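The values are calculated or read from the model by the stated rules, or taken from the named source; none is laboratory data. Source: prediction; values computed, not measured. Cβ sites come from the backbone with ideal geometry, for glycine too, and all protein chains shown count toward neighbours. Surface areas here come from the heavy atoms of the whole protein model, side chains and all, with no ligands, DNA or RNA. Shrake-Rupley method; radii C 1.70, N 1.55, O 1.52, S 1.80 Å.
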Amino acid sequence: MTNPNFPLWGRCSALCALTVLLSVAGAEQLNATAPRNGGGAQCGEYTNQVMEDGMCRLVATLPQLDEQQCPDMFRCTDEVSYWLHENEERKQQIVALKETISELQEELRNHRHRIKVFELQHEDHGHLNTTLERRFHDLEAHYAEATALMHLQGTLILNLQNQVHNLTLLVERVKRSPGCLINIVRPNPLMSSQEALHPEIQHMRSCPIDCASIHHNGVRRSGLYTVVPSLAAMPVEVYCDMDTDGGGWTVIQRRVDGSVSFDRSWREYRDGFGDLHSEFWLGNDHIHDLSTQADYSLRIDLEDWSNKHKHAVYQSFSVEDEEHQYRLHVSGFSGTTQDSFGWYHDKQSFSTPDSGDICAEISHGGWWYSQCFYAHLNGVYYRGGHYTPKGRGHLGPDGIVWHSWRDTDYYSLRKVSMMIRPRTFRSHLSP
């Protein structure tokens, strides 16, 4: 196949045609720089001519290429244009991304600033919350304290009201007591300071100071009476035994049926507890006031579970005040039983289970312990008399014990009583 001549704007299957339209000036320049019919077989041949419209027609004959095809210049141009366009779009996208990244960085800085502000605010709020919580706890503590104080004040007011009521009843009883006249008057400027503090004392001297006084006033019936010890300003209700050995006895302790527990505190033994009609402890303060206003004797009556009766009498008996732990003074024994009390317990201080004395803790009652006792009338009430240790936790005897009764601490008596009257009491002197 020969190499045909064809216009540059023609098409061929084997050759590539290039059409270039030039102006006259361009054609003249082309004629000046290239031969009219130049080129060899390797480069092909071309001719040019000026057209009527002033354009230059260039006809090129290119060599036949066996394994190559003519490059599609228009297609290449389109691809370049496409990629240039794509590149330009990518540049614009990159610029837009840069702007977006810059905006995001600015927003991130703003967010970090806000977070820092929030952290500072959180710290301030945390500090404020801590302060408020502390104040809340303080207010709770103050409220609890105020509530406790209010409860305490209410209890004190109630106790005072009860005391006023009891005192009123006692005064009424004293007024009705035989041989007791009370005429309470207001203090006047002529009274001494001591009399001004207790203006009623001078008008209560005619009141009975114990059951012996009531007996001397002609009363012969056992029962409850109100007395006013000479060393005390306040009246106290007592049980008077007007039958035993001529009467006139002021009973300070009694056990008959186990209805009252004697495992009590120091305060209860100080003030007294129980029922004057059955089992009771008159109270160490009252026993002190009664036993120290004159020379008193003590009688202890004992009864076992076989209805056997015995008694012990001590010619001298007194109890010191609370400041001296109600120390006991007892002597001058006589009676129908052997002495288990005076010889061992004389000069001993009073102890209760809550006062720290091991004997009182073991024996479960208040008493004048030594190490620990030969007589203990405020112990546990054991029915039937005989009792045994309660087990490994039982450290010693704790019944109502009079050791010489059966030469043992493990026999508990059925009935006991302690009562006092003046040593000079003579029943025949009473009217």
**Prompt:** How far apart, in nm, are two points set 7 Å out from the Cα along the Cα-to-Cβ line at Asp245 and at Val59?
**Reply:** 17.6
**Asked** Got the relative contact order for region 296-366 handy, in percent, Cα pairs under 8 Å and 6 or more residues apart?
**Response** 22
**Request:** Please work out the FRET efficiency for the pair Leu231 and Ser349, using the Cβ-Cβ distance as r and a Förster radius of 22 Å; give the result to the nearest 0.05.
**Result:** 0.60
**Prompt:** Quick one: Cα centre-to-centre distance for region 206-226 and region 345-390, in angstrom?
**Reply:** 32
**Message:** Under the 0.36 nm per residue contour assumption, what length would be gained going from the current alpha-carbon distance of Asp271 and Glu133 to full extension?
**Reply:** 45.0 nm
**Asked** With each pseudo-label sitting 7 Å past Cα toward Cβ, what's the Ser334-Leu169 distance in nm, one decimal?
**Response** 4.0
**Accessible area in square angstrom per residue, region 283-431, 1.4 angstrom probe** = 44
**Message:** Please state the shape class of region 336-422: rounded when a/c is under 1.5, otherwise prolate if a/b exceeds b/c and oblate if not, all from the C-alpha gyration tensor.
**Reply:** oblate
**Complete:** With x for Gly and Pro, the residue-by-residue ³J(HN,Hα) of region 113-121, computed from phi through the Karplus equation 6.51 cos²θ - 1.76 cosθ + 1.60 at θ = phi - 60° and given in whole Hz, is 5, 5, 4, 4, 4, 4, 4, 4, 5
**Prompt:** Per-residue HN-Hα couplings for region 89-102, Karplus 6.51 cos²θ - 1.76 cosθ + 1.60 at θ = phi - 60°, whole Hz, x for Gly and Pro?
**Reply:** 5, 5, 4, 4, 4, 4, 4, 5, 5, 4, 5, 4, 4, 4
**Fill in**
Plugging the Cβ-Cβ distance of Glu89 and His122 into 1/(1 + (r/R0)^6) at R0 = 51 Å yields, to the nearest 0.05, a FRET efficiency of 0.60
**Request:** Starting from the Cα of Ile101, step 7 Å toward the Cβ, then list every residue of region 78-92 with an amide N under 14 Å from that point.
**Result:** 91-92
**Complete:** Residues whose modelled amide H sits under 5 Å from the amide H of Asp295, counting only those 5 or more places away in sequence or on another chain, are Arg423
**Request:** Could you name the aspartates and glutamates whose alpha carbon sits less than 19 Å from that of Lys116, not counting residues in the same chain fewer than 8 places away?
**Result:** Glu106, Glu107, Asp124
**Asked** Under unit Cβ charges (Lys, Arg +1; Asp, Glu -1), what dipole magnitude, rounded to 20 debye, does region 284-397 have relative to its Cα centre?
**Response** 720
